[in-house]
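The values are calculated or read from the model by the stated rules, or taken from the named source; none is laboratory data. Note that the structure is predicted; figures quoted are calculated from it, not measured. Here the Cβ positions follow ideal geometry from the backbone for every residue, glycine too, while neighbour counts run over all protein chains shown. We work out accessible area using only protein heavy atoms, side chains counted, and drop any ligands, DNA or RNA first. Shrake-Rupley method; radii C 1.70, N 1.55, O 1.52, S 1.80 Å.
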Amino acid sequence: MGTAYRFAHNRIIDGRPFLVWGNGIGDVLIPRGTPLEVEALADRGWQSNDLADEGEQDILAVYFRTQAKRSNLYGRLFNDTPVETDTLATLTGEVTGTGYAALTWPVSDTGFPTLALDAGDAKVTSSTQTFTAGGAWSAATTLVLATVATGTAGLHVAWSPLSSTRTLAISDTLDVSVSVKLA
């Protein structure tokens, strides 16, 4: 995830499913189940930025019900390919290694300093955080935004695949930021 990422999400328009590709400048609608969709999904330069079902429900519960706002959200690395219905309990392959720990974003104007319209839709972007390996880490393919730093008791809010598989060695770093767009 990041401030200059490419993303994909799904949208139903007039009862037909579309894949929506975006790059922060504009969006392209691609009909699902077509050769264009296959070609787009094969392009590794495009990276999904998806809200999990738990994340969608959590956002709505805070805004429209009496659930309290979270104080922090956490960035965790996994070697998995999440789907919308995944929970922290169903995700597998969280990174292990010397010095690995989830990143913390305070839910505040400093943790998520950019709130702006993007192609007419609201988008919030976090500050950039850095993972630094204290030794060899297992492979990472996905950044997961969660409500807990460890374990499976919290919620899987959102995820994005990394641009390539990353296996950090001692002193390697990985900069990440999180963007969430409501369309």
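Just checking, which of 154, 134, 97 is open to solvent by less than 50 Å² (accessible area, probe 1.4 Å), over 20 Å from residue 55 (Cα atoms) and touching a residue at least 60 places away in the same chain (Cβ under 8 Å)? On inspection, the qualifying residue turns out to be 97. Across segment 40-93, the qualifying residues are those that are farther than 22 Å from residue 107 by Cβ and not in a loop (DSSP other than H, G, I, E, B), and the one among them that is modelled with the lowest pLDDT is 42.
Counting only residues that are of a type outside the set (Ser, Thr, Tyr) and more than 23 Å from residue 150 (Cβ to Cβ), segment 85-133 holds 12 of them. Taking first residues from segment 160-183 that are at positive phi and without any contact (Cβ under 8 Å) to a residue 60 or more places away in the chain and partners that are among the hydrophobic types (A, V, I, L, M, F, W, C) and open to solvent by less than 80 Å² (accessible area, probe 1.4 Å), the Cβ contacts under 7 Å between residues at least 6 apart in sequence or on separate chains come to 171/133.
Can you find a residue in segment 156-165 that is touching a Pro at 6+ places or on another chain (Cβ under 8 Å), closer than 18 Å to residue 56 by Cα and not polar (S, T, N, Q)? Yes - at least one qualifying residue is present in segment 156-165. Kindly indicate whether any position in segment 160-183 is surrounded by fewer than 20 Cβ atoms within 10 Å (Cβ to Cβ) and at pLDDT 95 or above. Within segment 160-183, none of the residues are surrounded by fewer than 20 Cβ atoms within 10 Å (Cβ to Cβ) and at pLDDT 95 or above.
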